[in-house]
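The values are calculated or read from the model by the stated rules, or taken from the named source; none is laboratory data. Because the structure is a prediction, the values reported are computed rather than measured. FYI the Cβ positions are ideal-geometry reconstructions off the backbone, even for glycines, and counts take in every protein chain you see.
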Amino acid sequence: MMHKAKLKDPKYRFIMLGVLVFFCLSVVVCTSQAKADTITLSPIIDTFVYNKAPDNSYGNNTNLMIQGIISPDYRCRTFLKFDLGAIPDGSVVTSAELKMYCWSCTDSCDIEAYHVANDSLIENSMTWNSQPSAGLTYLDQAPFYYNQWTSWNLLTSGDWNYANDLDDNFFSVKLALYSESSQNTTAYFHSSEDIHWSYRPYLEIEYAPIPIPGAVWLFGSGLIGLVAIRKRKNLA
């Protein structure tokens with residue numbers, strides 16, 4: 001048991017108080033830095049490509065079209081690109097949902113979202129013939145319905161290596177019908193050019209930034225203080 005005289009020593013009590021303050025501050029700062037933030041992003045590029053007009057660009061269209069028709073063979077795919085520059089590098093993404101509003105469709109089926117590693121999309125020149133390749137495994141698939149929002153959870157499959165996209169500041173995605181060559185479905189979504197801004201597509205990301213160096217320093221200072229007190233006790 002610690003001697004009562006040592007507890008009454010002003011220097012010892014001052015050191016103990018300092019260690020306690022450092023430790024509490026480190027916990028508070030680290031906790032506040034780890035708190036998740038949510039950001040809503042509008043696409044900087046959104047367009048669709050059409051196999052029956054393989055050299056045409058639809059970047060200025062107010063609609064985003066996704067289609068699969070068996071006969072004749074009509075297919076449309078939609079591409080979107082988002083700027084992730086506002087999210088700190090090294091952050092942990094805990095939620096990522098892409099949302100689009102379907103204002104017209106001929107039938108309902110699933111639409112698959114694929115990650116596009118090549119971020120060099122150009123809205124007003126992208127065509128069916130120049131469309132970039134996408135990942136082989138979809139990030140998520142979701143059904144669409146008339147006059148309803150469609151939402152894709154981009155973390156569902158676990159195949160999105162978001163750390164790479166945070167490093168280069170961009171995320172690109174392709175949307176296509178499930179088994180598009182065997183469907184008879186057409187869906188229209190509002191694009192970012194649509195006058196109805198409340199129906200425009202967006203990406204909502206929840207993330208937790210890494211602790212800042214100052215928080216780590218405070219925590220380390222507390223540990224060093226505890227070690228010093230322990231050594232002093234052993235020498236006494």
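Descriptive notes on the structure:
- D89 vs. criteria in a loop (DSSP other than H, G, I, E, B), in contact (Cβ under 8 Å) with a residue 60 or more places away in the chain and touching a helix residue (DSSP H, G or I) at 6+ places or on another chain (Cβ under 8 Å): yes
- Pick from the range 179-207, criterion within 18 Å of N61 (Cβ to Cβ) and assigned to a loop (DSSP other than H, G, I, E, B), ranking: modelled with the lowest pLDDT: H196
- Qualifying residue in the range 137-144 (condition: part of a loop (DSSP other than H, G, I, E, B), touching a Cys at 6+ places or on another chain (Cβ under 8 Å) and assigned by TED's automatic domain parsing to the domain that holds W197): yes
- Looking only at the range 145-154, and only at residues there that are assigned to a strand (DSSP E or B) and among the hydrophobic types (A, V, I, L, M, F, W, C), the one that is farthest from the chain's Cα centre (by Cα): W149
- Close Cβ contacts (under 8 Å, 6 or more residues apart or on different chains) running from residues in the range 155-172 that are in a helix (DSSP H, G or I) and surrounded by 15 or more Cβ atoms within 10 Å (Cβ to Cβ) to residues that are modelled with pLDDT of 95 or more and aromatic (F, W, Y) comprise Y162/F171; D165/F171.
- Boolean, W149 is in the same structural domain as E204 (by TED's automatic domain parsing), free of Cβ contacts under 8 Å to residues at least 60 places away in the same chain and either under 22 Å from T185 (Cβ atoms) or crowded, with 16+ Cβ neighbours inside 10 Å (or both): yes
- Within the range 99-119, considering residues that are over 19 Å from the mean Cα position of the chain (by Cα) and assigned to a loop (DSSP other than H, G, I, E, B), the one surrounded by the fewest Cβ atoms within 10 Å (Cβ to Cβ): D107
- Filter pass, A176 being over 19 Å from T40 (Cα atoms), of a type in the set (A, V, I, L, M, F, W, C), modelled with pLDDT of 95 or more and in a strand (DSSP E or B): yes
- Hits in the range 68-83 (condition: surrounded by fewer than 23 Cβ atoms within 10 Å (Cβ to Cβ), out of contact with any Ser or Thr (no Cβ under 6 Å at 6 or more places or on another chain) and either of a type outside the set (A, V, I, L, M, F, W, C) or modelled with pLDDT of 95 or more (or both)): S71, P72, D73, Y74, R75, D83
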